[in-house]
Amino acid sequence: MDTQLSVGSKQLLSYREELVNSQLMFSKNVDLDNVPLYRHYFQYKDNMRRSRLYQMIRRMPKGAALHVHGSLMLDPEDLLKLTYEEYLYICLHLSHLKFYFSRTTPKKPCPVAWKLVEDIRMNHSNVSEFDRMLKERLTLGPEDGLNLDSDENEAWKLFGRTMASILSLIEYRPIREKYIYKSLQNLYDDNVMYVEIRINLFPLYELNGTVHDRMYMASLHNNVARKFMEVNPDFAGLKIILSPSRKLSTEDMQYEVNQALTAKQTLPDAIVGFDLVGHEDGGRSLKEFLPILLQAKNGIDYYFHAGETNQHGTSTDENLFDAILLGTKRIGHANALIKHPVLIKTVHRNDIAVEVNVISNSVLSLVKDIRSHPLATYLSLGLPVVLSSDDPGVWGARPLTDDFYVAFTAVASKHHDLRLLKQLAINSIRYSALDDRGKKKLFRTFEKKWLEFVNVVIEEYDMCEFC
Ligand SMILES: [Zn+2]
């Protein structure tokens, strides 16, 4: 019964796919014996990346990443490279780290003096040590002391600090442009073919003092994605879910919703939806903005974060009810959904996809032992699940491979096989915001890449005797 319902169980594998599957399952069993998946992500990350299974999943076409925060997706190594750009000043004091690009010393507040990063590097006795420190400050990692005992609020505090430092680096237009392009490149290299990002629009600046209006940032993403697609025509693009903070006052939220409706009319192809972001337990609930959100419901689609909590019966838990009542197309995280059997049925009936981000839940201390993640139940029930990575840049995860690996190995059943992975990739296209034409095109690309993947694995393992 369990296996008949579960995600992927209806997929039929070809003979050649069965060959790949046997190799995949062999490698999965090796990892189940050798990779300590009961520990914290930071503790098995390197181990996992050396495994054959990881390499196979990395090579596999994974469809789309549908839950990624656009300002937190670039790998720390690439962020560090951006700090080599000229005119970059740094304000570094204890836990405070901010950047600003300027021809002269910035007039912005800083508890110590602003310094040119270039000067620091020139005078530093050990540049790689300085770079290591910078990279650590732009990442959440083992050095931040996050582990299985970490408190969720403490994790979010560290996360907020890291996020502020990253944001200060990418508010400068030329850097943001490079940032977007490189992020798309990394997605593409990770065999992700399409992305929907959540971003809060903010004014980007130029060296000559020009400050662009907020809409400029949306157009910039759209233009860079077009440029990327000219070079890589099989990449299906980037779309935007406008996402202001859930901490805003009612008045400011009304303004944001109005802005989103206008933006949607200005860039109807690029802007596909609206969401509220930030620590759900520490912000305002959907209920508090109900009149505003009800009013705008027909002008823009909703993709709400909801139920990213361990607390039952709180307003965050109940965001799930309001998200569904407001007609959300997908639900971000939905960890608490497991506690609401009636809502699970509604989600199933209304075909609302659940966007699961296992590593984010681990790093932000929501799920201590990842093997107990509610995703296991959602998979068994055959819910419309999509896997994504939330803020992969912040913890140095690959755009999608790490999350696929952890979900497949640590959370899914030992019996779940290639059919699950294929179904998850298919789901990510099916539940995307692309129109029917876009989905059809992406499915065609996916099928082609899937065949290539199957052929490469068969060749590499020299498995094909009869084909
Ligand atoms: Zn998120």
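Only the coordinates and a few stated rules stand behind these numbers; no lab work does. Since we're looking at a predicted model, the values are computed, not measured. Methodologically, a virtual Cβ is constructed for each residue, glycine included, from the backbone with ideal geometry; neighbour enumeration extends over all protein chains shown.
Highest mean first, how do 61-74, 368-381, 259-272 rank when packing is the count of other Cβ atoms within 10 Å averaged over residues?
Descending packing order for the listed peptides: 61-74, 368-381, 259-272.
Angle check, please: helix 214-231 long axis (alpha carbons) against the longest principal axis of the chain (alpha carbons), in degrees 0 to 90, nearest 10.
Once rounded, one gets 50 degrees.
Can you give the angle from 0 to 90° between the axis of helix 250-266 and the longest principal axis of the chain, with both taken from C-alpha atoms, to the nearest 10?
Once rounded, one gets 70 degrees.
When His279, His333, His96 are ordered from fewest to most other Cβ atoms inside 10 Å of their Cβ, what list results?
Arranged by neighbour count, lowest to highest, His279, His333, His96 become His96, His279, His333.
Would you list Met253, Met229 from fewest to most Cβ contacts within 10 Å?
Fewest-to-most ranking of Met253, Met229: Met229, Met253.
Calculate how steeply helix 152-169 sits against the longest principal axis of the alpha-carbon atoms of the chain, using the helix alpha-carbon long axis, and give the answer as 0 to 90 degrees to the nearest 10.
60 degrees
In the chain, what percentage of the DSSP-assigned beta bridges are antiparallel, given to the nearest 5?
Antiparallel bridges: around 25 percent, rounded to the nearest 5.
Each residue of the stretch 434-445 in order: what ³J(HN,Hα) in whole Hz does its phi give by Karplus 6.51 cos²θ - 1.76 cosθ + 1.60, θ = phi - 60°, with x for Gly and Pro?
Listing the rounded values in order: 5, 6, 4, 5, x, 5, 4, 4, 5, 4, 5, 4 Hz.
Between Tyr38 and Glu18, what is 0.36 nm times their sequence separation minus the Cα-Cα distance? Round to one decimal in nm.
Going from the current span to full extension adds 4.3 nm.
Which links in Lys45/Lys135; Lys227/Lys448; Lys108/Lys135; Lys227/Lys441; Lys81/Lys135 stretch past 21 Å when you go from one Cα to the other?
Lys227/Lys448; Lys108/Lys135
How would you rank Met133, Met163, Met56, going from fewest to most other Cβ atoms within 10 Å of each one's own Cβ?
Going from least to most buried by this count: Met133, Met163, Met56.
Please work out the FRET efficiency for the pair Leu167 and Glu251, using the Cβ-Cβ distance as r and a Förster radius of 22 Å; give the result to the nearest 0.05.
E(calc), rounded to 0.05, equals 0.40.
Need one number: nm distance between label points at Asn126 and Arg226, each 7 Å from Cα along Cα→Cβ, rounded to one decimal.
4.9 nm
When the helices in the chain are scored as -39500 (n - 2.57) per DSSP H run of 4 or longer and the sum is shared across all residues, what 222 nm value do you end up with, to the nearest 500 deg cm²/dmol?
-14500 deg cm²/dmol
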